[in-house]
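To start, the structure itself, in structure tokens.
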Amino acid sequence: MQDTGTWGLREAKAGGDDKTIAGVMVEYLEWAHGRLLELYGVDDPPTDPRLVCQSLHEFRRPHGVLLLAESDGRPAAIGALRRLSDDVAEVKRMYVVPRFRGRHISSAILDRLIAEARAMGAATLRLDTCRFMSDAQRLYRSRGFAERSRYEGSEIPARLQQHWVYFERGLAGGG
């Protein structure tokens, strides 16, 4: 059942939102890993929630940004940004909870992450996504991302890379 109420997007608070963010990230990882198993026979279980919570620092300022969308006090979506180098940033962990899909939350998150990367001084923005995530790929292409080869700093292990698509876009100008 899709939720059609109002929602808001904000930067996640360190400490106060960590359990919520980690919970949504684990939901995302479990969903993605389930699809990897179903579609490609890849049995690579998701990360322990405690480890996910411990990794949130890499998406916090000054090295990144962690966004949380909420609807009526419930988590609806997340999105993160992390710096790969002085001039390159990476979009990570974009996920909309299924009942909140179809409300353009992912578009708002991606637009905000693009703006945040630009504000951090990044000239290039990269991301990776599973091959089966065609809706996400359409969104990325609509925002000027183009496919590219695997890039330095991607966290995707070699054994899984054939199931991923890598994207990049420049951040010069306002587009």
> Leu171 is checked against (1) more than 15 Å from Lys92 (Cβ to Cβ); (2) out of contact with any helix residue (DSSP H, G or I) (no Cβ under 8 Å at 6 or more places or on another chain) and fails just one. What number does that condition carry?
Replying inline: (2)
> When you go through Val42, Val52 one by one, which is the residue that is modelled with pLDDT under 95, assigned to a helix (DSSP H, G or I) and among the β-branched types (Val, Ile, Thr)?
Replying inline: Val52
> Considering Ala22, Ala69, which residue is in a helix (DSSP H, G or I) and crowded, with 19+ Cβ neighbours inside 10 Å?
Replying inline: Ala22
> Within the range 46-76, how many residues are out of contact with any Leu (no Cβ under 7 Å at 6 or more places or on another chain) and without any contact (Cβ under 8 Å) to a residue 60 or more places away in the chain?
Replying inline: 16
> For the range 146-160, which residues satisfy the criterion of being charged (D, E, K, R), exposed (fewer than 12 other Cβ atoms within 10 Å of the Cβ) and more than 19 Å from Glu58 (Cβ to Cβ)?
Replying inline: Glu147, Arg159
> For the range 81-117, how many residues are closer than 22 Å to Gly8 by Cα and either of a type in the set (A, V, I, L, M) or assigned to a helix (DSSP H, G or I) (or both)?
Replying inline: 21
> Can you tell me which residue in the range 141-175 is nearest to Ser106 (Cα to Cα), limited to those that are at pLDDT 95 or above and hydroxyl-bearing (Ser, Thr, Tyr)?
Replying inline: Ser142
>> Of all residues being polar (S, T, N, Q) and surrounded by fewer than 20 Cβ atoms within 10 Å (Cβ to Cβ) in the range 98-128, which is nearest to the chain's Cα centre (by Cα)? Just the residue, please.
In response: Ser107
>> For the list (1) in contact with a Ser or Thr (Cβ under 6 Å, 6 or more places away or on another chain); (2) surrounded by 21 or more Cβ atoms within 10 Å (Cβ to Cβ), I need the number of the one condition that Val88 fails.
In response: (2)
>> Given the condition among the charged types (D, E, K, R) and in contact with an Asp or Glu (Cβ under 6 Å, 6 or more places away or on another chain), answer yes or no: does some residue in the range 154-173 qualify?
In response: no
>> Between Tyr40, Tyr95, Tyr28, which is of a type in the set (Ser, Thr, Tyr), buried (at least 16 other Cβ atoms within 10 Å of the Cβ), in contact with a helix residue (DSSP H, G or I) (Cβ under 6 Å, 6 or more places away or on another chain) and touching a residue at least 60 places away in the same chain (Cβ under 8 Å)?
In response: Tyr95
> Just a yes or no: is a residue in the range 130-145 out of contact with any Gly (no Cβ under 7 Å at 6 or more places or on another chain), assigned to a helix (DSSP H, G or I), surrounded by fewer than 18 Cβ atoms within 10 Å (Cβ to Cβ) and in contact (Cβ under 8 Å) with a residue 60 or more places away in the chain?
Replying inline: no
>> Checking the condition among the charged types (D, E, K, R) and at pLDDT 95 or above, which residue from Arg112, Arg103 passes?
In response: Arg112
> Looking at (1) surrounded by fewer than 20 Cβ atoms within 10 Å (Cβ to Cβ); (2) farther than 17 Å from Trp7 by Cβ; (3) modelled with pLDDT of 90 or more, can you tell me which one Phe59 breaks?
Replying inline: (1)
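The values are calculated or read from the model by the stated rules, or taken from the named source; none is laboratory data. Keep in mind it's a predicted model, so treat the numbers as computed, not measured. Neighbour counts run over all protein chains shown; Cβ positions are idealised from the backbone, glycine included.
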